[in-house]
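Colleague: Shown below is the structure under consideration.
Every number in this text was worked out from the coordinates using simple rules, so none of it is lab data. As the structure is a prediction and not an experimental result, all values here were calculated from the model. FYI the Cβ positions are ideal-geometry reconstructions off the backbone, even for glycines, and counts take in every protein chain you see.
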Amino acid sequence: EKGGFDHFMLKEIHEQPKAITDTYRGRLLRQEAIVKMAGIEDNMKKFLNADRIIIVACGTSWHAGLVAEYIFEDLARVPVEVEYASEFRYRNPIITEKDVLIAISQSGETADTLAAIKLAKSKGAFVFGVCNVVGSSIARETHAGAYTHAGPEIGVASTKAFTTQITVLTLIALRLARAKGTISSSDFRNHLLELEMIPKKVEESLKSDAHIQKISEIYKDVNNFLYLGRGYNFPVALEGALKLKEISYIHAEGYPAAEMKHGPIALIDENMPIVVIATKKGHYEKVVSNIQEIKSRKGKIIGIVTQGDIQVKELADHVIEVPETLESLSPLLTTIPLQLLSYHIAVMLGKNVDQPRNLAKSVTVE
Ligand code: F6R
């Protein structure tokens, strides 16, 4: 049932090319140059009239929401707020009939997310779900939605659910951008083309596995990790840190790279590994200068870079390459090595990667 893999998590990491393809199949029609999603088409007016989009979710799904914030604002020019479902529901939020709320949940059963949906509905907002489990409570409670087609995710640490959530949210952003006229037709086509190529590029990213295993061996015994990224890759830094802490029990924090000097830089010494997402485009030069700041404090750099990178390679202790893509799609690739890094470290430490202590696959308690 693990398809020849040692763990469900590893199997699910490797399933991502297929999961992403399954998720855009029938929706991304490159020849016709359209994005087609029934849940969006049927409710286009609601989306176009929305003053803003509020995204609610927990954990990894919240990280997918953060990536979506960048892409919605960038492409569709609609204001987006991303909220932890638990904070949103308990703080008397301002919600009106002109709000669209998108709830993201792999399981479709997360109690706080479900409660946030009910609250938004009671205030008259239109609620759209992005779930993986068909017929789940959240899928039923929302007015409309779009499923991710990741297939069953068994490992407690979310992997393919995350990348397929980003895929669906990207398609929605593209569809809205087209409807609003905030994207040119050539840019739109280019996004479709690049998104269609992502599964192949994920496949390629997975080939770094043996290299990542060697890096994991070097750092598996440290007590702390820092993950840094900017822009689209800031949420990926958060997700990388979450993945590491939940399955290896090593303390890890994700930060926007520029925030480093406002505190976390004090932690850096020769024992601190820092994973820096430093792909081309997306503030590359700024990230390079962050790396220089870390090196001058003797921190160990693991850079996630674009194939053929030269600058970071010279500075970093290790680099892991991912293929080049659009900046807006880069999280779909930069996430892959971080999943593998946490997986290998956890396995080397003898942890139960598929069922980490204290965690449940669906959190039905508040
Ligand atoms: C992390 C993880 C959790 C879930 C969170 C939300 O790997 O699995 O953080 O992402 O509990 O779960 P869903 O998406 O089912 O609402």
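Colleague: Please specify each residue of segment 117-149 satisfying the condition of being within 11 Å of the ligand (Cβ to nearest atom) and either within 22 Å of GLU87 (Cα to Cα) or surrounded by 24 or more Cβ atoms within 10 Å (Cβ to Cβ) (or both).
Modeller: GLY129, VAL130, CYS131, ASN132, SER137, ILE138, THR148
Colleague: Could you please let me know if THR96 is more than 28 Å from GLU15 (Cβ to Cβ), among the hydroxyl-bearing types (Ser, Thr, Tyr) and more than 9 Å from the ligand (Cβ to nearest atom)? Talk me through it step by step, then tell me what you get.
Modeller: Working: more than 28 Å from GLU15 (Cβ to Cβ): yes; among the hydroxyl-bearing types (Ser, Thr, Tyr): yes; more than 9 Å from the ligand (Cβ to nearest atom): yes.
Yes, satisfied.
Colleague: So how many residues does segment 68-105 have that are assigned to a loop (DSSP other than H, G, I, E, B) and not aliphatic (A, V, I, L, M)?
Modeller: 8
This table checks each residue for (1) over 18 Å from THR334 (Cβ atoms); (2) of a type outside the set (D, E, K, R); (3) crowded, with 21+ Cβ neighbours inside 10 Å; (4) over 14 Å from the mean Cα position of the chain (by Cα).
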position	(1), (2), (3), (4)
LEU169	no, yes, yes, no
SER184	yes, yes, no, yes
LEU193	yes, yes, no, yes
MET197	no, yes, no, yes
LYS200	no, no, no, yes
LEU206	no, yes, no, yes
HIS211	no, yes, no, yes
VAL222	yes, yes, no, yes
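Colleague: Kindly indicate the residue of segment 99-111 that is crowded, with 21+ Cβ neighbours inside 10 Å and under 11 Å from SER362 (Cα atoms) and also farthest from the ligand (Cβ to nearest atom) among those meeting that condition.
Modeller: GLY108
Colleague: If ASN290 satisfies all but one of (1) away from the ligand (no atom under 16 Å from the Cβ); (2) within 20 Å of LYS220 (Cα to Cα); (3) in contact (Cβ under 8 Å) with a residue 40 or more places away in the chain; (4) over 20 Å from the mean Cα position of the chain (by Cα), what's the number of the condition it fails?
Modeller: Condition not satisfied by ASN290: (2).
Colleague: Here's a follow-up. Here are VAL288, VAL276: which of them is touching a helix residue (DSSP H, G or I) at 6+ places or on another chain (Cβ under 9 Å), over 23 Å from LYS243 (Cα atoms) and of a type outside the set (D, E, K, R)? Give the steps one after another, and end with the answer.
Modeller: Working: VAL276 fails: over 23 Å from LYS243 (Cα atoms).
Within the list VAL288, VAL276, the selection yields VAL288.
Colleague: Of the residues that make up segment 240-251, is at least one farther than 22 Å from ILE20 by Cα, free of Cβ contacts under 8 Å to residues at least 60 places away in the same chain and touching a Gly at 6+ places or on another chain (Cβ under 9 Å)? Working first, answer last.
Modeller: Taking segment 240-251 as the starting set, the residues that turn out to be farther than 22 Å from ILE20 by Cα are 241, 244-251.
Now restrict to residues that are free of Cβ contacts under 8 Å to residues at least 60 places away in the same chain: 241, 245, 251.
Filter once more, keeping what is touching a Gly at 6+ places or on another chain (Cβ under 9 Å): 241.
Yes: segment 240-251 contains one or more residues that are farther than 22 Å from ILE20 by Cα, free of Cβ contacts under 8 Å to residues at least 60 places away in the same chain and touching a Gly at 6+ places or on another chain (Cβ under 9 Å).
Colleague: Return only the number of the condition from (1) in a loop (DSSP other than H, G, I, E, B); (2) out of contact with any Asp or Glu (no Cβ under 9 Å at 6 or more places or on another chain); (3) not hydrophobic (A, V, I, L, M, F, W, C) that ASP22 does not satisfy.
Modeller: Exception for ASP22: condition (1).
Colleague: May I ask you to say which residue of ILE274, ILE301, ILE268 is aliphatic (A, V, I, L, M), within 28 Å of MET9 (Cβ to Cβ) and in contact (Cβ under 8 Å) with a residue 40 or more places away in the chain? I'd like the intermediate steps shown before the answer.
Modeller: Values: ILE301 fails: in contact (Cβ under 8 Å) with a residue 40 or more places away in the chain; ILE268 fails: within 28 Å of MET9 (Cβ to Cβ).
Going through ILE274, ILE301, ILE268 in turn, the sole match is ILE274.
Colleague: Looking at segment 342-353, can you tell me whether even one residue there is within 15 Å of the ligand (Cβ to nearest atom), surrounded by fewer than 22 Cβ atoms within 10 Å (Cβ to Cβ) and more than 15 Å from the chain's Cα centre (by Cα)?
Modeller: yes
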